[in-house]
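Have a look at the structure below before the remarks.
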Amino acid sequence: SKCKSVEAVGDAAAGILGGRNVHGQRNDAVIIQEFLRGSEYIVDCVSLDGQHVVTSIWALQKTGSSSEFAYDRKHPVPFSSEEGSVQRIVCEYAYQALTALGVQTGASHSKVIYDENLGPCLVKMCPWIHDAACAGRENAQAFLLADALTEGGLYLSWKAEAVGMGSPAYELSSFSVILDLQCHEDGILARSVEEVAGEWIRNLSSFWMMKCDLEPGDRLQRSRDFFTSPGYIVLSGPDPSIVEQEAAMIREAERTGQMYIFSTSTSSKTPTPPACSDDEGTWGKCDAGGRPPRLADWWPQRLAGVVAQGLAQSSCWMACWSEPALSPEHARARISDGFQRLRAGGGGGGG
């Protein structure tokens, strides 16, 4: 939950400590992380022998609902190496973070929050490939990773050299949108989303892929954060107006009950949210189908951010699971096996 005072932090901690998390384990500790404000970006890269190349930058857009944790969509932004551009700032910051974390060769997926006054701040960095491409085959993260791992990075090295000489790291070949699916009520699914809407969604001219594994009997919650979203759909095409129109069709289907058909039964094959759940999504640390989140699996050395000072001056959010916010220069030295608490470094701020 998000806390606006020291007292609220104490109350939230009391509601978590001693309880059970979604894995049935006792909560013996609480993670406190600074609530960051600003514009959110995803920076996708491929690295070879410690040299990093950005493959795409995505801007994230919230839903505008009462929850400050619910996302509406992600869309790519054009590359820019212009001095002072947001793209250059977040890209260079992501490179510094990758280097600080000791990343040598492989794909990475980073979230950075940027504030005009405070600068960029790392939220998370994950060693996986983003599921969407928007800059053509030879600029795609998967293509460049395959080159790095099977061809010794011949093409990736050439590309890195070209970028260093002023060529754009990527050029958008299509307009893409990743829609975070939204459910507007709680209930137990009578039919799977695939059965109800899979066919017409796949027939959309801009359809690229869909991830929604919910089945009949799964418990679905009103979407208020990443983990209570039913899934996502990627749309991509040459005409932005068509992509936006078809995205609006999906949103309308969600609002009018044409995607999530609920049962009158009160029994579910997924667990009931624990008593400590709140409207900001404490229960949201598992996905809408009741499965553990990817966050628990994304890195053997799981990271967590903790802000121990200035709580009275800034809003914070607290949860049993937290994603890291730390400066690149402090990150590498503080990583060790297992789950750690890391004090957020002084090199970044954000939103």
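The values are calculated or read from the model by the stated rules, or taken from the named source; none is laboratory data. Remember, it's a predicted structure, so these values are computed and weren't measured experimentally. Note: ideal-geometry Cβ built from the backbone for every residue, glycine included; neighbour counts use all protein chains shown. What goes into the accessible areas is simple: the full protein's heavy atoms, side chains included, and nothing from ligands, DNA or RNA. Shrake-Rupley method; radii C 1.70, N 1.55, O 1.52, S 1.80 Å.
Take the residues in the range 182-201 that are of a type in the set (Asp, Glu) and not in a loop (DSSP other than H, G, I, E, B), then tell me which one is surrounded by the most Cβ atoms within 10 Å (Cβ to Cβ). Steps first, answer last, please.
First pass over the range 182-201, keeping only residues of a type in the set (Asp, Glu): 185-186, 194-195, 199.
Next cut, not in a loop (DSSP other than H, G, I, E, B) only: 194-195, 199.
Details: 194: 15, 195: 13, 199: 9.
The residue in question is 194.
Identify, from the list 96, 87, the residue that is within 21 Å of residue 161 (Cα to Cα) and either out of contact with any helix residue (DSSP H, G or I) (no Cβ under 8 Å at 6 or more places or on another chain) or without any contact (Cβ under 8 Å) to a residue 12 or more places away in the chain (or both).
Of 96, 87, the one residue that is within 21 Å of residue 161 (Cα to Cα) and either out of contact with any helix residue (DSSP H, G or I) (no Cβ under 8 Å at 6 or more places or on another chain) or without any contact (Cβ under 8 Å) to a residue 12 or more places away in the chain (or both) is 87.
Considering the range 190-210 alone, what residues qualify as being of a type outside the set (D, E, K, R), closer than 18 Å to residue 221 by Cα and under 25 Å from the mean Cα position of the chain (by Cα)?
192, 193
For residue 178, are the conditions met, namely being touching a Lys or Arg at 6+ places or on another chain (Cβ under 6 Å), over 23 Å from residue 72 (Cβ atoms) and in contact (Cβ under 8 Å) with a residue 60 or more places away in the chain?
Spelling it out, it is not the case that residue 178 is touching a Lys or Arg at 6+ places or on another chain (Cβ under 6 Å), over 23 Å from residue 72 (Cβ atoms) and in contact (Cβ under 8 Å) with a residue 60 or more places away in the chain.
Only one of 144, 179 is open to solvent by less than 60 Å² (accessible area, probe 1.4 Å), touching a helix residue (DSSP H, G or I) at 6+ places or on another chain (Cβ under 7 Å), modelled with pLDDT of 90 or more and assigned to a strand (DSSP E or B). Can you tell me which? Quick ask: steps written out before the conclusion?
On the way: 144 fails: assigned to a strand (DSSP E or B).
One residue alone meets the criteria, 179.
Could you tell me whether the range 202-223 includes any residue that is under 22 Å from residue 71 (Cβ atoms), in contact with a helix residue (DSSP H, G or I) (Cβ under 8 Å, 6 or more places away or on another chain), open to solvent by 40 Å² or more (accessible area, probe 1.4 Å) and touching a residue at least 12 places away in the same chain (Cβ under 8 Å)?
Looking for residues that are under 22 Å from residue 71 (Cβ atoms), in contact with a helix residue (DSSP H, G or I) (Cβ under 8 Å, 6 or more places away or on another chain), open to solvent by 40 Å² or more (accessible area, probe 1.4 Å) and touching a residue at least 12 places away in the same chain (Cβ under 8 Å), one finds at least one in the range 202-223, hence yes.
Among the residues of the range 31-48, is there at least one that is at pLDDT 85 or above and more than 30 Å from residue 95 (Cβ to Cβ)?
Looking through the range 31-48, none of the residues is at pLDDT 85 or above and more than 30 Å from residue 95 (Cβ to Cβ).
Could you grab me the full set of residues in the range 208-253 that are basic (Lys, Arg) and in a helix (DSSP H, G or I)?
From the range 208-253, those basic (Lys, Arg) are 211, 219, 222, 224, 251; that's our starting set.
Matches in the range 208-253: 251 only.
Could you name every one of the strands (runs of 3 or more DSSP E) located completely within the range 1-86 that has at least 2 residues being under 17 Å from residue 110 (Cβ atoms) and in contact with a Leu (Cβ under 9 Å, 6 or more places away or on another chain)?
Once the strands (runs of 3 or more DSSP E) in the range 1-86 are filtered for at least 2 residues that are under 17 Å from residue 110 (Cβ atoms) and in contact with a Leu (Cβ under 9 Å, 6 or more places away or on another chain), what remains is 39-48, 51-62, 71-77.
Give the residue that is farthest from residue 180 (Cα to Cα), with candidates limited to residues of the range 68-93 that are aromatic (Phe, Trp, Tyr) and open to solvent by 30 Å² or more (accessible area, probe 1.4 Å).
Filtering first and then ranking leaves 79.
Tally time: how many residues in the range 37-65 are more than 30 Å from residue 150 (Cβ to Cβ), open to solvent by 20 Å² or more (accessible area, probe 1.4 Å), in contact (Cβ under 8 Å) with a residue 60 or more places away in the chain and not β-branched (Val, Ile, Thr)?
Result for the range 37-65: 4.
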